[in-house]
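K.L.:
Have a look at the structure that comes next, please.
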Amino acid sequence: MAMTVQRSAILPIPRSHFLFVIRIRECNETSEKLSKIPKINFTKLFINGDFVEAVSIWDREMGSECNETSEKLSKIPKINFTKLFINGDFVEAVSGKTFDTIDPRTGEVIARIAEGDKEDIDLAVKAARHAFDHGKWPRMSGFERGRIMMKFADLIDEHVDELAGLDAIDAGKLFIPLKMGEIPAVADLFRYFAGAADKIHGETLKMSRELQGYTLLEPIGVAGLIIPWNFPSTMFSLKVAPALAAGCTMVVKPAEQTPLSALYYAHLAKLAGIPDGVLNVVTGFGHTAGAAISSHMDIDKVSFTGSTEVGRLIMQAAATSNLKHISLELGGKSPFIIFDDADVNTAVDLALNAVFYNKAKNNPTGEICVAGSRVFVQEGIYDEFVKQAVKRTKAWIVGDPFDSHVHQGPQVDKKQFERILYYIEQGKKEGATLLTGGNTCGEKGYYIEPTIFADVKDDMVIAKEEIFGPVMSLMKFKTVDEVIERANNTIYGLACGIVTNDLNLSNRVSRSIRAGVIWINCYFAFDRDCPYGGYKMSGFGRDNGLHALHKYLQVKSVVTPIYNSPWL
């Protein structure tokens with residue numbers, strides 16, 4: 001029997017690489033030169049110099065193993081940076097206190113991290129204020145700032161293994177998607193804003209009388225950047241990159257659950273040539289370090305991503321201190337709407353990704369504010385959708401994020417783990433039908449099975465409150481008007497997914513849903529040029545695109561009289 005190789009698919013992956021998935025089939029023909037058939041040594045994808053498994057969610061039949069042991073522990077990085085980064089140096093906290101950062105795979109301590117509080121924030125703000133008022137960063141040309149940011153991006157690419165390993169061990173995110181997707185995207189976001197740094201300009205005004213007017217766009221000053229634990233690297237770049245491009249200086253407070261990569265980025269920033277005092281990183285807790293940033297009289301701007309509850313506290317602190325500028329990206333309970341004309345298989349793929357994204361393959365446990373966790377399915381395809389969704393979810397492997405065969409890693413910490421289990425119990429108590437999942441996985445670590453509830457009512461807790469975990473709520477609907485009303489029946493307005501082949505229908509629904517981003521026949525279609533943010537209690541302000549840059553700029557008008565001009 002002769003063997004032939006058939007090219008069966010082309011898979012797009014980040015940064016314009018293209019891979020061929022090879023499958024081998026037997027043909028009913030006889031060969032006279034069997035001795036020349038080569039041994040097949042290579043069957044995996046070849047990316048960035050390594051042979052690796054494909055990251056497609058449904059690339060092979062999966063079992064139901066849970067919390068299986070990783071074969072690639074060698075990827076776990078050495079922890080080099082555990083101190084605060086202030087004014088270009090790694091320093092101990094003033095109090096000398098430290099806190100534990102925990103490995104969510106095991107519940108064990110990874111390292112002890114310096115615990116910054118108000119006194120440390122004061123020192124970091126003092127350094128940032130001096131760097132802004134007297135330093136060269138805001139006074140450089142945009143081209144010079146951009147060139148340093150490009151160097152920073154190159155260093156991120158060079159250290160992709162270390163950064164991916166830190167986020168994997170600290171946040172429980174999957175190593176391969178981090179290495180191949182998220183960390184390279186961080187580098188590219190710095191390049192995007194590096195390219196924008198020398199294109200910041202105002203406009204010439206057409207005044208109504210004998211005056212010459214124009215505007216300037218100036219950096220807002222010292223920014224306090226408070227980032228969440230679910231996307232430590234991405235959120236770092238979403239806030240730091242535009243702030244640097246604008247000419248701001250800053251104090252970054254990473255989440256206490258995931259401080260490791262932010263400290264490593266600070267180290268790379270120093271190597272790239274970002275001047276001392278421009279970028280400071282203070283690790284610590286929200287109620288101390290975060291509160292000190294929010295109420296500090298010498299911080300001009302705070303950008304926060306996190307819960308709506310904490311967003312309120314930040315606004316209150318800003319109002320009672322110096323009325324600093326605020327931008328907030330907060331909670332969500334996004335609808336994912338599937339109409340009768342949709343292909344069921346495609347709709348199931350998109351819906352599972354919409355809910356379980358972040359620690360599952362394809363760079364995706366539901367720990368994301370924009371998760372499409374309220375899944376509305378029109379009655380004509382509801383039963384088939386449920387059947388396929390349950391079948392595929394039961395094939396999901398939950399386990400060590402360093403194992404390339406795993407689909408989903410652990411929740412970030414014990415608190416979040418217990419929070420998700422609480423909501424699963426609430427769903428059962430309120431009468432929702434548990435179709436699959438709902439249990440913990442393994443004997444150690446913070447693993448939870450992907451969970452699907454059916455027969456969910458709009459007034460149930462699991463349909464109203466943000467769970468921030470791998471829990472899907474399935475709801476059936478009949479008419480377009482009905483689903484629009486139900487989808488908007490939430491205090492949040494972060495995103496919405498629509499699956500349909502009807503252009504008129506997609507246009508109508510996308511204009512009817514009150515949310516900051518609408519994805520049609522896709523989900524999580526983020527792009528560095530596409531603004532992202534919320535309506536209602538999901539916050540205000542936008543990340544990505546030039547809208548993000550303008551959050552760190554303010555407009556100054558300059559007016560002079562003109563005399564004896566032949567025209568205005």
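K.L.:
Identify, from the list Ala243, Ala255, the residue that is part of a helix (DSSP H, G or I), of a type outside the set (Phe, Trp, Tyr) and either within 20 Å of Thr101 (Cβ to Cβ) or modelled with pLDDT of 95 or more (or both).
P.N.:
On the way: Ala255 fails: part of a helix (DSSP H, G or I).
Exactly one of Ala243, Ala255 is part of a helix (DSSP H, G or I), of a type outside the set (Phe, Trp, Tyr) and either within 20 Å of Thr101 (Cβ to Cβ) or modelled with pLDDT of 95 or more (or both), namely Ala243.
K.L.:
Here is a follow-up. Please find, within the range 464-503, the residue that is nearest to Tyr422 (Cα to Cα) out of those that are open to solvent by 70 Å² or more (accessible area, probe 1.4 Å) and of a type in the set (Lys, Arg).
P.N.:
Across the range 464-503, the extreme among qualifying residues is Lys464.
K.L.:
Another one. For Asp170, indicate whether it is part of a helix (DSSP H, G or I), open to solvent by 10 Å² or more (accessible area, probe 1.4 Å) and of a type in the set (Asp, Glu). Please lay out each step first, then the result.
P.N.:
On the way: part of a helix (DSSP H, G or I): yes; open to solvent by 10 Å² or more (accessible area, probe 1.4 Å): no; of a type in the set (Asp, Glu): yes.
Answer is no for this residue.
K.L.:
Please work out which residue is surrounded by the fewest Cβ atoms within 10 Å (Cβ to Cβ), limiting yourself to the range 381-427 and to residues that are assigned to a strand (DSSP E or B) and out of contact with any helix residue (DSSP H, G or I) (no Cβ under 8 Å at 6 or more places or on another chain). Quick ask: steps written out before the conclusion?
P.N.:
Taking the range 381-427 and keeping what is assigned to a strand (DSSP E or B), we get 398-399, 408.
With out of contact with any helix residue (DSSP H, G or I) (no Cβ under 8 Å at 6 or more places or on another chain) added as a condition, the list becomes 398-399.
Numbers: Val398: 27, Gly399: 24.
Across the range 381-427, the extreme among qualifying residues is Gly399.
Condition check ((1) of a type in the set (Lys, Arg); (2) touching a His at 6+ places or on another chain (Cβ under 9 Å)) across all residues:
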residue	(1), (2)
Trp396	no, yes
Arg419	yes, no
Gly445	no, no
Thr451	no, no
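K.L.:
Restricting attention to the range 177-189, does a residue exist that is open to solvent by less than 10 Å² (accessible area, probe 1.4 Å), under 14 Å from the mean Cα position of the chain (by Cα) and β-branched (Val, Ile, Thr)?
P.N.:
Yes, the conditions are met somewhere in the range 177-189.
K.L.:
I want to confirm something. Restricting to the range 308-335 and keeping residues that are under 20 Å from the mean Cα position of the chain (by Cα) and open to solvent by 50 Å² or more (accessible area, probe 1.4 Å), which single residue is farthest from Lys457 (Cα to Cα)?
P.N.:
Val310
K.L.:
Looking only at the range 211-226, count every residue that is within 25 Å of Asp122 (Cβ to Cβ) and in contact with a Gly (Cβ under 6 Å, 6 or more places away or on another chain) and tell me the total.
P.N.:
Final tally of qualifying residues: 2.
K.L.:
Residues of the range 267-276 being surrounded by fewer than 24 Cβ atoms within 10 Å (Cβ to Cβ) and of a type outside the set (D, E, K, R), which ones?
P.N.:
Passing the criteria: His267, Leu268, Leu271, Ala272, Gly273, Ile274, Pro275.
K.L.:
I would also like to ask the following. Has the range 100-115 got at least one residue that is part of a loop (DSSP other than H, G, I, E, B), open to solvent by less than 30 Å² (accessible area, probe 1.4 Å), touching a helix residue (DSSP H, G or I) at 6+ places or on another chain (Cβ under 9 Å) and within 12 Å of Val278 (Cα to Cα)?
P.N.:
Checked the range 100-115: no residue is part of a loop (DSSP other than H, G, I, E, B), open to solvent by less than 30 Å² (accessible area, probe 1.4 Å), touching a helix residue (DSSP H, G or I) at 6+ places or on another chain (Cβ under 9 Å) and within 12 Å of Val278 (Cα to Cα).
K.L.:
Moving to a separate point now. Does Thr365 qualify as being touching a strand residue (DSSP E or B) at 6+ places or on another chain (Cβ under 9 Å), at pLDDT 90 or above and either within 24 Å of Lys179 (Cβ to Cβ) or not charged (D, E, K, R) (or both)? Full working, then the answer.
P.N.:
Working: touching a strand residue (DSSP E or B) at 6+ places or on another chain (Cβ under 9 Å): yes; at pLDDT 90 or above: no; either within 24 Å of Lys179 (Cβ to Cβ) or not charged (D, E, K, R) (or both): yes.
So Thr365 fails the test.
K.L.:
Could you give every pair whose Cβ atoms fall below 8 Å, whose first residue belongs to the range 231-254 and is among the hydroxyl-bearing types (Ser, Thr, Tyr), and whose second residue is modelled with pLDDT of 95 or more and assigned to a loop (DSSP other than H, G, I, E, B), counting only separations of at least 6 or pairs across chains?
P.N.:
The qualifying pairs are Thr249/Gly135; Thr249/Trp137; Thr249/Pro138; Thr249/Gly221; Thr249/Gly277; Thr249/Val278.
The values are calculated or read from the model by the stated rules, or taken from the named source; none is laboratory data. Please read these numbers as outputs of a predicted model, since none were measured by experiment. Every residue, glycine among them, receives a Cβ derived from its backbone with ideal geometry; neighbour counts consider all protein chains shown. When the accessible area is computed, the model is the full protein with side chains, heavy atoms only, and any ligands, DNA or RNA have been set aside. Shrake-Rupley method; radii C 1.70, N 1.55, O 1.52, S 1.80 Å.
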